[in-house]
1. Which of the residues that make up the stretch 123-150 are closer than 13 Å to T106 by Cβ and either assigned to a strand (DSSP E or B) or in contact with a helix residue (DSSP H, G or I) (Cβ under 9 Å, 6 or more places away or on another chain) (or both)?
2. Filter the stretch 143-201 for residues that are among the aromatic types (F, W, Y) and under 29 Å from G465 (Cα atoms); which is most open to solvent (accessible area, probe 1.4 Å)?
3. Exactly one of these conditions fails for A103: (1) open to solvent by less than 70 Å² (accessible area, probe 1.4 Å); (2) assigned to a strand (DSSP E or B). Give me its number.
4. Look at the stretch 264-286 and say how many of its residues are crowded, with 17+ Cβ neighbours inside 10 Å and more than 13 Å from L400 (Cα to Cα).
5. Have a look at L289, L270, L355 and point out the one that is over 28 Å from E388 (Cα atoms), over 37 Å from the mean Cα position of the chain (by Cα) and at pLDDT 95 or above.
6. Restricting to the stretch 309-328, give me the number of residues that are open to solvent by 10 Å² or more (accessible area, probe 1.4 Å), closer than 19 Å to A227 by Cβ and not in a loop (DSSP other than H, G, I, E, B).
7. Listed residues D469, D405; which is in contact with a strand residue (DSSP E or B) (Cβ under 6 Å, 6 or more places away or on another chain), at pLDDT 95 or above and over 16 Å from G354 (Cα atoms)?
8. Quick one: how many residues across the stretch 430-452 are charged (D, E, K, R), touching a residue at least 12 places away in the same chain (Cβ under 8 Å) and surrounded by fewer than 18 Cβ atoms within 10 Å (Cβ to Cβ)?
Amino acid sequence: MDEVRSGSGSQAEACPINNVSVSDPSVAADSSEAVAAVPLHAGLSPAELRKASAQQAQTRKRDDEENDNGERLSRFFMFNAFDRAIVNVSYSFDMRKVVPESALATVSFIGLDTLGLSYSADTGLLSGVPKRLGKFTVTFNFSFRGQAFTRNAELSSVSLWTDNPVPPGTPFMKPDEDSAFIAGAGGSLLSLVGASRRGRSHAQDGRPRDDDFCIDCIPGTGWLLAAVADGAGSSRFSRRGSKLAADAVRKCFRESFSAQDVSGMVDALLRSYTQSGDEESFTSGLRGLFAPFFSGAVRSYLERTDREIESGAAAGLGEMRREDFYTTFLCSLVRKFAQGWLIVSFSVGDGAIGLVDASRGISALLNKPDEGQYFGETMFLSENILTEPGEVSSRINIKLVDRFDVLLLMTDGVTDPVFSSDRNLNDMRCWLDFWNSLSQSVVFSRINAELERQLLSWLGFWSRGNHDDRTLAAVF
């Protein structure tokens, strides 16, 4: 129920507005202030005429202001609700719509904090980013011409998106969220974390998450592995394809690196590079060394896809092709050597791999996102990667650094809203700004027991027009 408390010093008449007794703002608080109209007699001097005219103008202005305030107060008492808010979207409501401007500084609210909103007397705006869904009653007070007013009104917050479950029996279902954390991987100074979250557009349509990832410490080798994959939205079973790629690269490198002395071969190339300083030969040598391993990972993925096609046909899923499992793929291997940290990356499709050294203000993009023939297109893992001469080697990036803060691998569900363009992906400042923002929300520490939860929560950030699955893996 609306409540009005009159100030102790008011002598004004009262008029009913919506059954509430409110002082009529059109009645002057102090009648002695009223200036009667002064007849412009011809006998007055020019100075007296100007003074009389000014007094009349001031009186008319004050009357206009009083009438305007009266209209505002009338709207105030007919005011039932604020503008509708949308959860996780910036909200702003101008209190001038219902409160006289001279009273803005006296406005105060009860119940805003829990909604994530606040009021600024300087701007007269009620604003913020609503965090809760539903209908809420908020109370606001203000003072005007010696009177104190209290009003209860409804503020409703809605969501443009619904979270619909994946229909039971959908082939190749996977959880809406997934995360993993390896602290102090393999006894090294580094840790790994990865998280993947179903996008709002997928949740709206009741579709499964298409993204996937893997992080691993390859036993007995000192190598750390991180990979992310984004199943093609146009492929029927891309959600399975992304998982097959993540599983294939983990198994392939575990087996191949354990069977061969990869670190010894890298050591020999590093010693030669230290002596000669020939960076081109060093990079070419490393690409030649790692190309067979990445080719093996791609081949393993294709073989797994073929097995899924065979088993799917037997299970009655109909005719399948490799194209039904298309996915992007980004992968990095990291190991410490005497000369520094060696980072070997391989990528097919969009998304990004970025290296950040915030303390020195340095960053680098370690992959070249693929672009298709048309806007929004990209490339996917396929047999063409293996059959085109030099294709695998050309997709390998080599980076040797003495230190870094974090290595980040992201699907385009993250890069599109964060960087918005390839130009920004190549801008060092954008990566530094991104890492500064991310590390304020997520504490990248090996002793942070909440790391996975924090990263999953961060992946739910709001960005207008960007509602795809989001996946991020980090080595830090």
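The values are calculated or read from the model by the stated rules, or taken from the named source; none is laboratory data. On a predicted model such as this, the values are computed, not experimentally measured, just so you know. Here the Cβ is made from the backbone with ideal geometry for all residues, glycine too, and neighbour counts use every protein chain on show. In case anyone asks, the SASA skips ligands and DNA or RNA and just uses the protein heavy atoms, side chains included. Shrake-Rupley method; radii C 1.70, N 1.55, O 1.52, S 1.80 Å.
1. G124, F140, N141, F142, S143, F144, R145, Q147, A148, F149, T150
2. Only one residue tops the list, namely W161.
3. Of the numbered conditions (1) open to solvent by less than 70 Å² (accessible area, probe 1.4 Å); (2) assigned to a strand (DSSP E or B), the odd one out for A103 is (2).
4. Total satisfying the criteria: 1.
5. L270
6. Going through the stretch 309-328 one residue at a time, the tally reaches 0.
7. Checking each option against the conditions leaves just D469.
8. Counting residues in the stretch 430-452 that are charged (D, E, K, R), touching a residue at least 12 places away in the same chain (Cβ under 8 Å) and surrounded by fewer than 18 Cβ atoms within 10 Å (Cβ to Cβ) gives 1.
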